[in-house]
Every structure is written in C-alpha cells, then in structure tokens.
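Derivation of every value follows stated rules applied to the coordinates shown; laboratory data play no part. As the structure is a computational prediction, the values presented were derived from the model and not from experiment. All Cβ positions, glycine included, derive from the backbone under ideal geometry; neighbour counts span all protein chains shown.
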Amino acid sequence: MECFFAEFSARDSEVQLEGDEFRHFRALRKAKGEIVILVNGKGLSAFGYVKSISKDKVLIKINNFVENLGEIDQKISLAMGILDNKERFEFALEKAVELRISEFIPLRTEFTQRKEIDLARLEKKAIASIKQTIRSRLPSISLPMDLKSLAKTFRNYDYVFVLDRAGNMELPKVEFNSALIIVGPEGGLSKKEIDLCRKRKNSVLVSLGDFRLRSETSAIAFLSVLHFNLL
C-alpha cells in the first residue's frame, strides 16, 4: 500500500494530491479505486481510496483516520555534526527518520568544515522517509547550532548519549521518555566539547567499539542499538 504526504485534518472527508505528490502518484501508476495511506506529518494518518484522477490532481476519499501510525512513545533527538559531504549527511538524516527520531539538530563543532545546510532539501528528504516507512509524524529539523547552545537544552532530556571512542562500551539498560544523541562530524568532537558534555549529570559517553566508524554509520548503529534496548 502506497503512502502520500498531504495537509489534512480529522474534519476532512476528501483530500487532493497536487504538485510533487501528484507526480509521485502518477509515477506509481495508481488507478481509480486503489487503497492508499495519507500522512500529514503532524501525527495523523488516513486510509482511503482513489476517487478520481484528473490531469493535474487526484482526489482521495478518506475511509478512516489513525493517530500516531508507525510512531514510538519515546522522543529521540539526534544532534549531528554537519558533514562536509552533503550526501552522507542527508543519508544519515534519512536513516535516522526511518529509525523514528523526532528531531534532527545539525551541529556546528570545532571540526565541522561546512557550516550551513539546505533546510528545504533536508525537509524533502525527511518527507520521503516518512512516506517510505509509513510514519505519521515528520521530525523537526532545526537550524544549525553549536554545542555550547545545545548543552543548555540537556535538562530537557532524560538522557544525553554522547558518542565517543573513550566512552562506555556497554549501553546501560535504561528507560526514558526523551533522549538526545550527539554524534560528531569527521574527526569527531574535540576534547573541549567532550568535557562540556561530560559535566552534565544526565550525559552518558558511549563507545561503539574499537572500530573507527564514519559519523553517519555511528548514528545509525547507535539508534539501532537504542531501539533494541527499548524492546
């Protein structure tokens, strides 16, 4: 069953797909009467069928709504150093969205070479990921910030997991409602940045082992381990 992104509310009985979503619909060669899923990125999903197809839009008749389809109970935020390689940074975002993060925070650190991001492009990547994995909430993507500014928000999380090769290789079995994961860019976080994180009571330094991993690999691997520990 194919999934499409659209703006709608629980008061709507029909939804139109236009623009990019209509082009996506056409590329999939969906036909009148077929069942589809709609997500609005705000926690609401809808099951419906294709009522009509015109030259530039398709009309979906909604059968029923579902709240928080494909979502988890916990809030997981990923703060990641901006990578010089834009494609690798986007790949990390896409996979993190699939792994149910609720927030993505691009980080400017001492070792980041590229300081700016294409926010509109990242949002499109995130939308594509929630459609592919059928989840109803679109993670927020913040403007870039430095670690000092991010550290001021640590108190908003139950745990802050900082990925560092000198950290603990055993992830504690913990229960949480909210967690922040911090991953450095190429070259990792500086000693000054690690020390800044270490001072916070709810921060935990975690190592993924002796292997040297790329930033995007570390983020994906840790998110996978974290989900396994939530089971």
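What to note about this one:
- Only Cα pairs under 8 Å and 6+ residues apart enter the sum, and on that basis the relative contact order of the chain stands at 19 percent.
- DSSP-defined beta bridges in the chain - what % are antiparallel, rounded to 5: 40 percent
- Think of it as helices only: each DSSP H run of n ≥ 4 in the chain is worth -39500 (n - 2.57), and spread over all residues that comes to -8500 deg cm²/dmol at 222 nm.
- Its relative contact order, with pairs defined as Cα atoms under 8 Å and 6+ residues apart, puts region 1-138 at 26 percent.
- The residues neighbouring F22, those whose beta-carbon lies less than 15 Å from its own, together hold a net charge of +1 under the Lys/Arg +1, Asp/Glu -1 convention.
- Between E2 and Q74, the simple spin-label model (points 7 angstrom out along Cα→Cβ) gives 3.5 nm.
- Applying both filters, DSSP loop and at most 14 other Cβ atoms within 10 Å, to the trypsin sites (Lys or Arg not before Pro) of region 85-117 gives K115.
- Computed over region 75-230, Kirkwood Rh from alpha-carbon pairs, angstrom: 15.4 Å
- Sorted largest first, extent of region 58-110 alpha carbons per principal axis (Å): 51, 30, 14
- For N64 and E186, the difference between the fully extended length at 0.36 nm per residue and the C-alpha to C-alpha distance is 39.3 nm.
- Here is the list for region 1-84: trypsin sites (Lys or Arg not before Pro) lying in DSSP coil, each with at most 13 other C-beta atoms within 10 angstrom of its C-beta, are R11, R29, K32, K55.
- Stretch gain in nm, segment S224-E116, where the contour uses 0.36 nm per residue and the Cα spacing is subtracted: 36.1 nm
- In region 93-231, lysine pairs with alpha-carbon atoms under 16 angstrom apart (chain gap of 8 or more, or interchain): 12
- Modelled FRET efficiency - R0 35 Å, D158 with I134, Cβ distances, 0.05 increments: 0.80
- In a DSSP loop and with at most 10 other Cβ atoms within 10 Å, the GluC sites (Glu not before Pro) in region 174-231 are E175.
- Backbone amide hydrogens, once placed in the peptide plane, bring V162 within less than 5 Å of I182, V204, L205, V206, excluding anything fewer than 5 places away on its chain.
- Lys pairs, region 3-67 - Cα-Cα below 13 angstrom, 8 or more residues apart or on other chains: 6
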